[in-house]
Amino acid sequence: MSNPASVEDYRKLAKRRLPRAVFDYIDGGAGDERGLARNRDALHRILFGPRVLVDASARDASVPFFDGRLPMPFIVGPTGLNGAARPGGDAMLARAAAKAGIPFVLSTAATSSIEEIAKACDGEWWFQLYVMERDFAAALCRRALDAGCRTLVLTVDCQIGGRRERDTRNGFVVPFRMKPRFFADCALRPAWALSQLAKGLPQFGNMAVDNAGDAASQAVLMQRKLDTSFDWEDLARLRQDWPHRLIVKGVMRADDARRCFELGVDGVVISNHGGRQLEDMPAPIDILAEVTAPEGRMLMVDGGFRSGADIVKALALGANAVLLGRATLFGMAAAGQDGASSVIELLHQDVERTLGLIGCPRAEDLSMDFLRPSPT
């Protein structure tokens, strides 16, 4: 495919390049993947009600965001084990985001460490926190703060690992186990295999320090076995301890979002973890309109976004920005940093195109008035 024209094109290229187990880890969801499909179906059901005879000769995809502006209304969200797609994958995503002027969110489960990303990225980066063990989580926060991070993203929907059947069938674990089936699949994808052998098989970068790199700790992170006792009081303490912006990701109820804001949280991400945790949940886009952020706080959403039209729909329903997951991952997996940058630019152009076609030249002016009522 010489000239990919969509995120789906990059998905197909990534599938062609990666061993099946690695691609399935990126692409798959929980259970039989009803939730994964629901995220996309819910976006497809939303239709526009375009205005005509509007001057759309100049279009502006930028949006107000905290005390500044985003040049395009999306962020490269946190994804784990990116080095399994390409060695240095986290840094590739971070640099692509920086080039576009948008934030990159580094996962606790990244294959690059906090310190490595701070050195590799000259743009804005955030750190996403999983609380596996309290002392280790506190150490991660200190490291992020010392490295210059000013936005912490706490993920709260991963206290117990989802049942990801593709990973179970493939025997996907970290470190990789070179069983015959996996070895044969790698042999069919020599470019991927040679890059991994040259750089070393991926490990969780943030676990390789502070005596946290043992096999048991790696398994805890891989299986999403997090601290199941973390509760609202712990969130309040984290709000007191973290001196900068705090965002909570994984909220799927309006009352939970309201409680987060009451505790002083700066932003909430409506998210079902990309359909990777509990499959019988609503799509985040269907929850979005139920949630309102106080003045100065941010409301974000993720889950299934593959086009500029999808992103415009989220903004019309009240989101300040969208977090991208698989979309930029497919680009990076297929073509490295250039692939991630290409996906970002494809989405940017598609946002601008959609704004023009619906008669709303400025993204910040979007509202539900540009959508048709959902069919019953």
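List of remarks:
- The set of residues from the range 28-52 being surrounded by fewer than 19 Cβ atoms within 10 Å (Cβ to Cβ), assigned to a helix (DSSP H, G or I) and of a type outside the set (A, V, I, L, M) comprises Arg34, Arg40, Asp41, His44, Arg45.
- When the criteria are applied in full, Asp90 meets the requirement of being closer than 30 Å to Ala363 by Cα, among the acidic types (Asp, Glu) and at pLDDT 95 or above.
- Flag for Ser112 being buried (at least 22 other Cβ atoms within 10 Å of the Cβ) and over 14 Å from Ser341 (Cα atoms): yes
- Any chance Leu347 is in contact with a Ser or Thr (Cβ under 9 Å, 6 or more places away or on another chain), closer than 30 Å to Ala14 by Cα, modelled with pLDDT of 95 or more and not in a helix (DSSP H, G or I): no
- The one condition in (1) touching a Cys at 6+ places or on another chain (Cβ under 6 Å); (2) surrounded by 24 or more Cβ atoms within 10 Å (Cβ to Cβ) that Trp125 fails to fulfil: (1)
- Residue within the range 334-343 that is under 15 Å from the mean Cα position of the chain (by Cα), more than 19 Å from Gly35 (Cα to Cα) and crowded, with 22+ Cβ neighbours inside 10 Å present: yes
- If you check Ala309, Ala334, Ala327, Ala321 for being under 28 Å from Ala85 (Cα atoms) and touching a Ser or Thr at 6+ places or on another chain (Cβ under 6 Å), only one passes: Ala309.
- Residue list for the range 1-21, filter: within 29 Å of Met281 (Cα to Cα), in contact with a helix residue (DSSP H, G or I) (Cβ under 8 Å, 6 or more places away or on another chain) and either at pLDDT 95 or above or of a type in the set (Lys, Arg) (or both): Ser6, Val7, Tyr10, Arg11, Ala14, Lys15, Arg20
- If you filter the range 264-305 down to residues that are closer than 19 Å to Ile358 by Cβ and more than 12 Å from the chain's Cα centre (by Cα), you find that the one that is surrounded by the fewest Cβ atoms within 10 Å (Cβ to Cβ) is Ala289.
- Of all the residues in the range 1-27, those that are without any contact (Cβ under 8 Å) to a residue 12 or more places away in the chain, outside any helix (DSSP H, G or I) and either buried (at least 18 other Cβ atoms within 10 Å of the Cβ) or within 21 Å of the chain's Cα centre (by Cα) (or both) number 0.
- Restricted to the range 82-133, and to residues there that are touching a Pro at 6+ places or on another chain (Cβ under 6 Å) and of a type outside the set (Phe, Trp, Tyr), the residue that is farthest from Phe204 (Cα to Cα) is Gly101.
- When Gly296, Gly318, Gly304, Gly274 are checked against the criterion of being on the phi > 0 side of the Ramachandran plot, in contact with a Gly (Cβ under 8 Å, 6 or more places away or on another chain) and either without any contact (Cβ under 8 Å) to a residue 40 or more places away in the chain or part of a loop (DSSP other than H, G, I, E, B) (or both), a single residue qualifies: Gly304.
- Options Leu357, Leu366; residue that is out of contact with any strand residue (DSSP E or B) (no Cβ under 6 Å at 6 or more places or on another chain), surrounded by 20 or more Cβ atoms within 10 Å (Cβ to Cβ), in contact (Cβ under 8 Å) with a residue 12 or more places away in the chain and among the aliphatic types (A, V, I, L, M): Leu366
- Residues that are assigned to a loop (DSSP other than H, G, I, E, B) and either buried (at least 22 other Cβ atoms within 10 Å of the Cβ) or under 20 Å from the mean Cα position of the chain (by Cα) (or both), drawn from the range 53-83: Ala61, Ser62, Phe66, Pro71, Met72, Pro73, Gly77, Pro78, Thr79, Gly80, Leu81
- Summed over the range 277-293, residues that are in contact (Cβ under 8 Å) with a residue 60 or more places away in the chain and under 17 Å from Leu315 (Cα atoms) total 5.
- Failed condition for Asp167, given (1) under 29 Å from Arg253 (Cβ atoms); (2) modelled with pLDDT of 80 or more; (3) buried (at least 21 other Cβ atoms within 10 Å of the Cβ): (3)
- Only one entry of Leu194, Leu201 meets the criterion of being modelled with pLDDT of 90 or more and either of a type outside the set (D, E, K, R) or part of a loop (DSSP other than H, G, I, E, B) (or both), and that entry is Leu194.
- Single match in Ala85, Ala58 (criterion: more than 30 Å from Ser195 (Cβ to Cβ), of a type outside the set (Phe, Trp, Tyr) and in contact (Cβ under 8 Å) with a residue 24 or more places away in the chain): Ala58
The values are calculated or read from the model by the stated rules, or taken from the named source; none is laboratory data. In this text the structure is predicted, and so the values were computed from the model without any measurement. As a convention, Cβ positions derive from the backbone with ideal geometry for all residues, glycine included, and neighbour counts pool all protein chains shown.
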